[in-house]
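**Student:** Starting off with a structure, shown below.
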Amino acid sequence: MIVRKKMGRASPLVLVTLVLGFCFATYNLVTMIMHNRAISKWVEDDANGGIFFDPVIKMPENVRKPKNARLPFHVAVTATDATYSQWQCRIMYYWYKKKKDLPGSDMGGFTRILHSGSPDNFMDEIPTIVVDPLPEGVDRVSFLLYHILNQHRAAFSEKIPLSYQGYIVLNRPWAFVQWLEKATIEEDYILMAEPDHIFINPLPNLASGGFPAAFPFFYIKPADYGKVLRKFFPEEMGPVTNIDPIGNSPVIIKKDLLKKIAPTWMNVSLKMKDDPETDEAFGWVLEMYAYAVGSALHGVQHILRKDFMLQPPWDFEIGKKFIIHYTYGCDYNMKGELMYGEIGEWRFDKRSFLRGPPPRNLSLPPPGVPESVVCLYKYRY
């Protein structure tokens, strides 16, 4: 006699549980794959005013700033005691104070890093720390000798050629090195800015942890200078496209990270300036390339933010951008048509005011000029 064993049927509850478990496991697997996949194209969020993340890596979710969290940053601007630099710093500091405490701002303290070696007349008006300029002839020594030269500059000044006269921006990385060593900075983040920056909207902290935020400059093109950059960025560090298309400003970066990068940035700047081929290739943007290389040597990649800054006359609308950078001259005829490369019937060019600030009675821009130029006119003092 054949005895059949009864097979119990699974209850609907057990089946539902198994299905849900399988779905949950699949979801986790897919999420993990998506989270770790390399991103090779720009990510744009129109709902957030056109935010562009790094084209090489996407900012990981676990380092994004929590919503409504305030991560203050210290605003630091390098400057000289020249009148041209002073009036720009006064305008910048004025608008910093206007925007600092508005909703959406993460701006903390402010420091003008004066690298002229001695105080000027605006110490009481603008929070300032005085640091030394580069020692004369510093191109012939390494970073390890800087502190010695700084203490005994007089002994070297007549013996070493003055090969860096006229290129003041090389003082910028050296100024940051000194400031980071001697100053007490309460904030964990730092915004590196320049005198010709004007805050037009409250600026939040755009960085996230070990991912600094930077503005991508169209004329910084590491891929076009592979041969030159290999002198400073060896092949074992990867392709030259690992170098971000940025300068040191504007950049929001964690303080501890900048302390590591700053000496490298300075050394690379001096080595680039001392190399004729590199000096000729990069010209006035040499120090910008030096920061990009210095940070890449430390394996640092930046979140690229096109909304960080606008540059009249090439950028037309203000939108939700945060900083106006008025490095370019704005020349227009009275029809509001751009006359770049010529002296316009109406013009605003900071280089026209080497001996003092723009006058308050500067004529209104003609109808038809872009919104960015009108904004610059209104914010000029």
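The values are calculated or read from the model by the stated rules, or taken from the named source; none is laboratory data. These numbers come from a predicted model, not from an experiment. Note: ideal-geometry Cβ built from the backbone for every residue, glycine included; neighbour counts use all protein chains shown. Ligands, DNA and RNA are stripped out before the accessible areas are found, and what is left, the full protein with its side chains, is counted by its heavy atoms. Shrake-Rupley method; radii C 1.70, N 1.55, O 1.52, S 1.80 Å.
Rundown of residues vs (1) assigned by the TED database to the domain that holds Val240; (2) modelled with pLDDT of 95 or more; (3) open to solvent by 20 Å² or more (accessible area, probe 1.4 Å); (4) assigned to a helix (DSSP H, G or I), yes/no style:
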{"position": "Glu187", "(1), (2), (3), (4)": "yes, yes, yes, no"}
{"position": "Met192", "(1), (2), (3), (4)": "yes, yes, no, no"}
{"position": "Ile198", "(1), (2), (3), (4)": "yes, yes, no, no"}
{"position": "Asn205", "(1), (2), (3), (4)": "yes, yes, no, no"}
{"position": "Phe217", "(1), (2), (3), (4)": "yes, yes, no, no"}
{"position": "Ile220", "(1), (2), (3), (4)": "yes, yes, no, no"}
{"position": "Tyr225", "(1), (2), (3), (4)": "yes, yes, yes, yes"}
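**Student:** Working only within segment 359-381, note down all residues that are touching a residue at least 24 places away in the same chain (Cβ under 8 Å), assigned to a loop (DSSP other than H, G, I, E, B) and touching a Phe, Trp or Tyr at 6+ places or on another chain (Cβ under 9 Å).
**Tutor:** Those that are touching a residue at least 24 places away in the same chain (Cβ under 8 Å), assigned to a loop (DSSP other than H, G, I, E, B) and touching a Phe, Trp or Tyr at 6+ places or on another chain (Cβ under 9 Å): Pro365, Pro366, Gly368, Val369, Pro370, Tyr379, Arg380, Tyr381.
**Student:** Which one of these is surrounded by fewer than 20 Cβ atoms within 10 Å (Cβ to Cβ) and either modelled with pLDDT of 95 or more or within 22 Å of Leu134 (Cα to Cα) (or both): Gly283, Gly294?
**Tutor:** Gly283 is the lone residue from the list that is surrounded by fewer than 20 Cβ atoms within 10 Å (Cβ to Cβ) and either modelled with pLDDT of 95 or more or within 22 Å of Leu134 (Cα to Cα) (or both).
**Student:** Against the condition in contact with a Lys or Arg (Cβ under 9 Å, 6 or more places away or on another chain), surrounded by 20 or more Cβ atoms within 10 Å (Cβ to Cβ) and under 27 Å from Tyr326 (Cα atoms), how does Ala262 come out, does it pass? Lay out the reasoning, then the answer.
**Tutor:** Numbers: in contact with a Lys or Arg (Cβ under 9 Å, 6 or more places away or on another chain): no; surrounded by 20 or more Cβ atoms within 10 Å (Cβ to Cβ): yes; under 27 Å from Tyr326 (Cα atoms): yes.
No: the conditions fail for Ala262.
**Student:** Name the single residue, out of those in segment 82-139 being of a type in the set (S, T, N, Q) and part of a helix (DSSP H, G or I), that is farthest from Ala193 (Cα to Cα). Walk me through it before giving the result.
**Tutor:** Filtering segment 82-139 down to residues of a type in the set (S, T, N, Q) leaves 83, 85-86, 88, 105, 111, 116, 118, 121, 128.
Filter once more, keeping what is part of a helix (DSSP H, G or I): 83, 85-86, 88.
Numbers: Thr83: 18, Ser85: 13, Gln86: 14, Gln88: 12 Å.
Checking each candidate, the answer is Thr83.
**Student:** Of Asp101, Asp81, Asp106, which residue is in contact with an Asp or Glu (Cβ under 8 Å, 6 or more places away or on another chain), of a type outside the set (A, V, I, L, M, F, W, C) and at pLDDT 50 or above?
**Tutor:** Asp81
**Student:** Also: Can you confirm whether Tyr379 is buried (at least 20 other Cβ atoms within 10 Å of the Cβ) and more than 23 Å from Arg172 (Cβ to Cβ)?
**Tutor:** Against the criterion (buried (at least 20 other Cβ atoms within 10 Å of the Cβ) and more than 23 Å from Arg172 (Cβ to Cβ)), Tyr379 does not qualify.
**Student:** Does Leu145 satisfy the condition of being modelled with pLDDT under 95, outside any loop (DSSP other than H, G, I, E, B) and of a type outside the set (Lys, Arg)?
**Tutor:** Values: modelled with pLDDT under 95: yes; outside any loop (DSSP other than H, G, I, E, B): yes; of a type outside the set (Lys, Arg): yes.
In short, yes.
**Student:** Is at least one residue of segment 199-209 touching a His at 6+ places or on another chain (Cβ under 8 Å), farther than 20 Å from Met309 by Cβ and not β-branched (Val, Ile, Thr)?
**Tutor:** Looking for residues that are touching a His at 6+ places or on another chain (Cβ under 8 Å), farther than 20 Å from Met309 by Cβ and not β-branched (Val, Ile, Thr), one finds none in segment 199-209, hence no.
**Student:** If a residue has to be without any contact (Cβ under 8 Å) to a residue 12 or more places away in the chain, over 18 Å from Asp275 (Cβ atoms) and assigned to a loop (DSSP other than H, G, I, E, B) to count, how many in segment 228-244 make the cut?
**Tutor:** Within segment 228-244, residues that are without any contact (Cβ under 8 Å) to a residue 12 or more places away in the chain, over 18 Å from Asp275 (Cβ atoms) and assigned to a loop (DSSP other than H, G, I, E, B) number 2.
**Student:** Condition first: over 19 Å from Trp87 (Cα atoms) and either open to solvent by 40 Å² or more (accessible area, probe 1.4 Å) or out of contact with any strand residue (DSSP E or B) (no Cβ under 9 Å at 6 or more places or on another chain) (or both). Now tell me which residues in segment 106-132 satisfy that. Give the steps one after another, and end with the answer.
**Tutor:** Of the residues in segment 106-132, the ones over 19 Å from Trp87 (Cα atoms) are 106-109, 131-132.
Of everything in segment 106-132, just one residue is over 19 Å from Trp87 (Cα atoms) and either open to solvent by 40 Å² or more (accessible area, probe 1.4 Å) or out of contact with any strand residue (DSSP E or B) (no Cβ under 9 Å at 6 or more places or on another chain) (or both), namely Asp132.
**Student:** Go over the candidates Phe322, Phe308 one by one and state the one that is over 23 Å from Lys221 (Cβ atoms), among the aromatic types (Phe, Trp, Tyr), open to solvent by less than 60 Å² (accessible area, probe 1.4 Å) and touching a residue at least 60 places away in the same chain (Cβ under 8 Å).
**Tutor:** Of the residues listed, the single one that is over 23 Å from Lys221 (Cβ atoms), among the aromatic types (Phe, Trp, Tyr), open to solvent by less than 60 Å² (accessible area, probe 1.4 Å) and touching a residue at least 60 places away in the same chain (Cβ under 8 Å) is Phe322.
**Student:** With respect to Ile318, determine if the residue is closer than 21 Å to Leu203 by Cβ, aliphatic (A, V, I, L, M) and in the same structural domain as Phe218 (by the TED database).
**Tutor:** On the way: closer than 21 Å to Leu203 by Cβ: yes; aliphatic (A, V, I, L, M): yes; in the same structural domain as Phe218 (by the TED database): no.
No; evaluated as a whole, the condition is false for this residue.
**Student:** On to the next question. Pick from Gly294, Gly344, Gly356, Gly336: which is in the same structural domain as Asp106 (by the TED database) and outside any strand (DSSP E or B)?
**Tutor:** Result: Gly294 is the single residue among Gly294, Gly344, Gly356, Gly336 that is in the same structural domain as Asp106 (by the TED database) and outside any strand (DSSP E or B).
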